[in-house]
Structure formats: C-alpha cells, structure tokens
Amino acid sequence: MEGTMMRFPLTLPAILEHAGKLHGEAEIVSRLPDKSLHRYRFADFYRRARRLAGALQKAGLARGDRVATLMWNHYAHVEAYFGIPAAGGVFHTLNLRLFPDDIAYIVNHAGDRFLIVDDVLLPLYEKFRDKVKFERVFVVSLTGKPVPADYEDYEALLQSAAGEFAPPALDEYDACGMCYTSGTTGRPKGVVYSHRALVLHSFCICLPDCFALSMRQTVMPVVPMFHVNAWGLPFACIMAGAKLVMPGPHLDAQNLVELFSQEQVTLSAGVPSLWFGVLEILQRERGKYRLAPGMRLLVGGSACPESMIRAFDALGVQVLHAWGMTEMSPVGTGGVLKPRLDQCDADTRYAYRAKQGLPLPFVETRVVNDDGVAAWDGESVGELQVRGPWVAASYYKPEDKVASWTEDGWFRTGDVAKIDPEGYVKLTDRTKDLIKSGGEWISSQDLESALMGHPAVLEAAVIAVPHPKWQERPLACVVLRKGSHATAEELRSYLADKFARWWLPDAVEFLDEIPKTSTGKFQKLKLRERFKDYKLAS
C-alpha cells in the first residue's frame, strides 16, 4: 500500500522560489575587496539567480554540466549556488587555497565546462589556465574595474538572459553540486551532492537543537563557500529567510569582529584557528564592540579546546561544537546539551560541550574496533562510521578501488571516536594521528586541547616521533602568545595532573607558527616530515 501524498521533488529551485516569494526583504551583505559593503535584498538575489539560470541555459548548459566557481564568500557566489542548479547544472566550488596544479587536476577530473571567477582571483587562475579547458570564463568584478578583454563579464552574462526563465523538470536525485576533499592522503576525491541530500541537510541544520536557523537570525559563514558548501549555511539561510553576512576575502580577526558588531551577527561558523584571534581582540578590547545578545559561534574542522569555550562564555558568546566531512554534506553531529544535563555541575557540562555532539536526525553512527561494533559506554574506542541520506555512497570516478565504505554500506570516516551512553560523540583522533607507545594508544588531540588551555599557549599540535624503546612517543609543537613565556618543563607539569605520566610529551618544540591546511586544520603531515629524524633520549 502506498501513501496518498504528492510526489513533489526536493530540489534547490524550490528553496529559491520559496525565498523569493516569502522572504524578499531579507538582506545579503557582502564585504568587497576595498572593504566597502554591498547590500541587496533576497528579492534582488532571486531575480539575479534566475537570470543566471536562464543565461546559462542560453549559453548551452545541458543538464548535468559542471560550472566551476573560483570565488570568495559574497552575493554573486550565493547566486551561483542556486542559479546553476536551477538551470539543471552542477555547481563545483574550487578551493582557492590549493596549489594551482591541484586545482587544475580537480577541474579536469570533474570535467568542468564553464568557470565563474572573482576578478581579484584572476592571478590565481592564470597560474593554471593553460592546464584546463574551460569553454567560457565569466568574471565577477568585485573591484568595479572593467573585466579584461580576453574574459567575459558576469554582469553581461546575466543581461543575456532572454525572456522568462523556464526551469527544467528536475529529479531530487539529480546532481546539483560537487566538492573535492583536500587530498591529505592521495589525490583529491570528488563528492557529488544530490538536490535531495542538500534539501534534507538544510532542513535538519535549521532545527532548534542543531543550528536553530530562522528568519530572525543574522548569519555570517566565515567558513569558505568553497569548502564543503560553507557547512550548508547558505542553502539553509536562504530557505529560512535568515539575513546573510559575507566577509569576502577579509578573514582577519579584526574585520570579523567589526562585522559581528556592525551587522549584529547572531551566528557565525568557522574553524578554531579563526576564533583564537577573535577571542584575543574581544578580551583585549572588552566593551568596545557591541555583540548581539546570545551570539553563537559554530566550531568545526578540528576540536575546540574546552578553555576556548569557557573564555567565550565569559564574554557572553556561546560556542557550539559540530562535526562533519565533505562526504557528509557536511554536518553529522551538533553539540547542543540535553535538558537533563543542565542539572550537572559546570565542569561536567563543559566536558560535554567539548565533545562533537549528538548525531543529527537520520545520521546513524557507530564505532567499530577489533572486537566489532563498540558499546555506547563512553570508553570503547574505534573508528567512527556513518550512514544517512546526505552521506556519500561513493566518490566521483574513483581512480582505484576505494576502501572508504564497508561491505554493509557504512562510510568509514577515518576518525577515532567513542560514544557515551547519552549518545554524544567524542573524537579522540584521526587514525593516522594516534600515537602508539609501548603497545598503548595516546590521543594527540586530547593533549593538544589541554595544552591550549595554558594561558601562554596560542596553538599546539602533538605528533608521534620514533623512540628506540617505546616505538613512538609524543612531541608537542607549541606556538606561544605574543609577550608570553613558558618552558617545556612548565608545560609538562601543567599536563601532569590531567594525564597519566606515560602520556606526557617527551619534548616540546616552540615554533613561530603551525602549518595549516587550506581549511585551517593543523597540517601534521608537514610537522611529521620536519621532525622525522627527531632524537629522543632512550
């Protein structure tokens, strides 16, 4: 027996139409390269996204064709997020922080047909232009300067749309977007998102016990739109009618704090390395900036130290943990506390908030180790595996056999985790970042979070180095705050009352900076290469 409900496809154009008809007065504010602000309404965005769709159709875009974007977070990128899928195409965000050769590989592997690029990023495009074969390249002039003669003007493209846009009939399982992994192990791998996956993901992250998005929120995605869809926030905010504030290329802490205050941002999202600088400014210039009451910061990409959560609390800013992956569209867990945990003491609540949170509805999680599927006891550790309607079932055109999925269809995240009886997920490390010392495992992530709680420490990364007796031992790589001082022994003593003695780093190296990936995560591969011949006492 079937239900009597309509077969109405879940597609991004339906979100676009809803926003244009019901949330026309909501704003999109974009910081331009000269730091001026571009403002317009959802009504303007709606018209321009539809014009983009019509113009791409007129240009010959066929259903399933890929259109690459090489852009910062701003209004025209949001137009591309919706206009390209509305035309039946697939938007493909290019990570502008990758090496030019890697970008060229991704473009060619995806088979991108057209490119939309910011004028300020043309120098980057020129570095790989001869290695790719775009049919047409459209330039968004963010600086107001004329588009170079050998490129096409994005605004002219929009003006070329003829008559009323006629949207194609789309299936909810059709591809609508692509994103490639950062390629930390091997070549970058392509993930293709369906309309259905992104619509369901948008609904879920709007939930009160997730990101609580609504038409009353002002949201600033600091996480780049070229990195796994800015965690899905542009789609969800357009659907909910939330005001969007886009920082453009200006991701320095000073600019972010000024935008928070000026636009009264109620929710922002980014990796912990961004929030360290923001925290320093707010602490140093306390009272200077008027933040929105109850402002929230979403933290993902890597674990947020408990000390940072406490420090922002003292400033009236709530930090919420989230976790996900490119292969998960991307959000899989959210760190809202259950009501019953409100009765716990402060330390217990902070310990829960430092975890990655509860699995979202429809995201199933399990931890698997040598003994099989582990119990949710908060102690049993293993590889975190997931499945759900917005989790990838494969990569796009894999070049070889991929072992990222189990025989029974679960995605192997590569994260090591444990799940407590309440259902909260706590990542303890990446499988490649665990340290095996004398047959026992040490979590580098736990040591890093604790070290960054020391008042003199700005950042800390812990890696394994060879040891003649114990196989591997922890080495702490530390960046101190400006004007602060700490010795290796002082830091070891600071850790001594938090961990077993055999967990403590054997040595500490003080660095000017810790190398980071294109998405702001610690690049431990470079640290391991740098210290591969490090000599520890036997």
In the stretch 226-239, anything touching a residue at least 60 places away in the same chain (Cβ under 8 Å), of a type outside the set (V, I, T) and in a helix (DSSP H, G or I) is listed as N229, A230, W231, G232, P234, F235, M239
Given the conditions (1) at pLDDT 95 or above; (2) surrounded by 18 or more Cβ atoms within 10 Å (Cβ to Cβ); (3) not β-branched (V, I, T), report the number of the one that E383 does not fulfil. (1)
Considering only the stretch 365-391, state which residues are touching a residue at least 40 places away in the same chain (Cβ under 8 Å) and of a type outside the set (A, V, I, L, M, F, W, C). T365, R366, D377, G378, E383, G388, P389
Checklist (1) in contact (Cβ under 8 Å) with a residue 40 or more places away in the chain; (2) more than 30 Å from G453 (Cβ to Cβ); (3) outside any strand (DSSP E or B) applied to E407, failing item: (1)
L200 vs. criteria assigned by TED's automatic domain parsing to the domain that holds G54, part of a helix (DSSP H, G or I) and closer than 20 Å to I28 by Cβ: no
Filtering the stretch 11-42 down to residues that are out of contact with any strand residue (DSSP E or B) (no Cβ under 7 Å at 6 or more places or on another chain) and of a type in the set (G, A, S), which residue is surrounded by the fewest Cβ atoms within 10 Å (Cβ to Cβ)? S36
A253 of a type in the set (G, A, S) and touching a Cys at 6+ places or on another chain (Cβ under 6 Å): no
Between R63, R7, which is surrounded by fewer than 19 Cβ atoms within 10 Å (Cβ to Cβ) and in contact (Cβ under 8 Å) with a residue 60 or more places away in the chain? R63
Being surrounded by 24 or more Cβ atoms within 10 Å (Cβ to Cβ), modelled with pLDDT of 95 or more and part of a helix (DSSP H, G or I) is true for just one of F138, F82, F91. Which residue is that? F82
Could you grab me the full set of residues in the stretch 335-384 that are small (G, A, S) and closer than 25 Å to L200 by Cβ? G335, G357
Conditions (1) within 22 Å of P330 (Cα to Cα); (2) at pLDDT 95 or above: number failed by V271: (2)
Could you list, in sequence order, all residues of the stretch 363-377 that are out of contact with any strand residue (DSSP E or B) (no Cβ under 6 Å at 6 or more places or on another chain), in a loop (DSSP other than H, G, I, E, B) and either surrounded by 18 or more Cβ atoms within 10 Å (Cβ to Cβ) or not aliphatic (A, V, I, L, M) (or both)? D370, D371, D377
Just to be sure, is F45 buried (at least 22 other Cβ atoms within 10 Å of the Cβ), under 27 Å from the mean Cα position of the chain (by Cα) and part of a helix (DSSP H, G or I)? yes
Among the residues of the stretch 333-356, is any on the phi > 0 side of the Ramachandran plot, of a type in the set (G, A, S) and not in a helix (DSSP H, G or I)? no
Lone unmet requirement of (1) surrounded by 21 or more Cβ atoms within 10 Å (Cβ to Cβ); (2) more than 18 Å from T69 (Cβ to Cβ); (3) in contact with a helix residue (DSSP H, G or I) (Cβ under 7 Å, 6 or more places away or on another chain); (4) in contact (Cβ under 8 Å) with a residue 40 or more places away in the chain for L256: (4)
Take A156 and decide whether it is of a type outside the set (V, I, T), loosely packed, with under 13 Cβ neighbours inside 10 Å and not assigned by TED's automatic domain parsing to the domain that holds K526. yes
Counting only residues that are within 23 Å of P188 (Cα to Cα) and of a type in the set (A, V, I, L, M), how many does the stretch 491-533 have? 3
Within the stretch 124-135, which residues are of a type in the set (D, E, K, R) and outside any loop (DSSP other than H, G, I, E, B)? E126, K127, R129, D130, K131
Leading residue by the ranking (nearest to G520 (Cα to Cα)) among those in the stretch 440-494 that are charged (D, E, K, R) and not in a helix (DSSP H, G or I): E459
Within the stretch 188-195, does at least one residue satisfy the condition of being part of a helix (DSSP H, G or I) and in contact (Cβ under 8 Å) with a residue 40 or more places away in the chain? yes
Identify the residue in the stretch 141-153 that is under 23 Å from R31 (Cβ atoms) and not polar (S, T, N, Q) and, among all such residues, is surrounded by the most Cβ atoms within 10 Å (Cβ to Cβ). L142
Among the listed residues A26, A86, which satisfies the condition of being closer than 22 Å to E164 by Cα, touching a residue at least 12 places away in the same chain (Cβ under 8 Å) and small (G, A, S)? A86
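Here's the yes/no breakdown for (1) closer than 22 Å to C179 by Cβ; (2) under 19 Å from the mean Cα position of the chain (by Cα); (3) modelled with pLDDT of 95 or more; (4) not in a strand (DSSP E or B):
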site: H250; (1), (2), (3), (4): no, yes, yes, yes
site: Q254; (1), (2), (3), (4): no, no, yes, yes
site: S261; (1), (2), (3), (4): no, no, yes, yes
site: W275; (1), (2), (3), (4): no, yes, no, yes
site: A292; (1), (2), (3), (4): no, no, yes, yes
Extreme residue, modelled with the lowest pLDDT, among residues of the stretch 415-442 that are at positive phi and assigned by TED's automatic domain parsing to the domain that holds K521: G439
Considering (1) in contact (Cβ under 8 Å) with a residue 24 or more places away in the chain; (2) more than 30 Å from M325 (Cβ to Cβ), say which one A488 fails and leave the rest. (1)
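The values are calculated or read from the model by the stated rules, or taken from the named source; none is laboratory data. Nothing here was measured: the structure is a model prediction, and the numbers come from that model. A quick note on method: Cβ atoms are made from the backbone with ideal geometry, for glycine too, and the neighbour counts reach across all protein chains shown.
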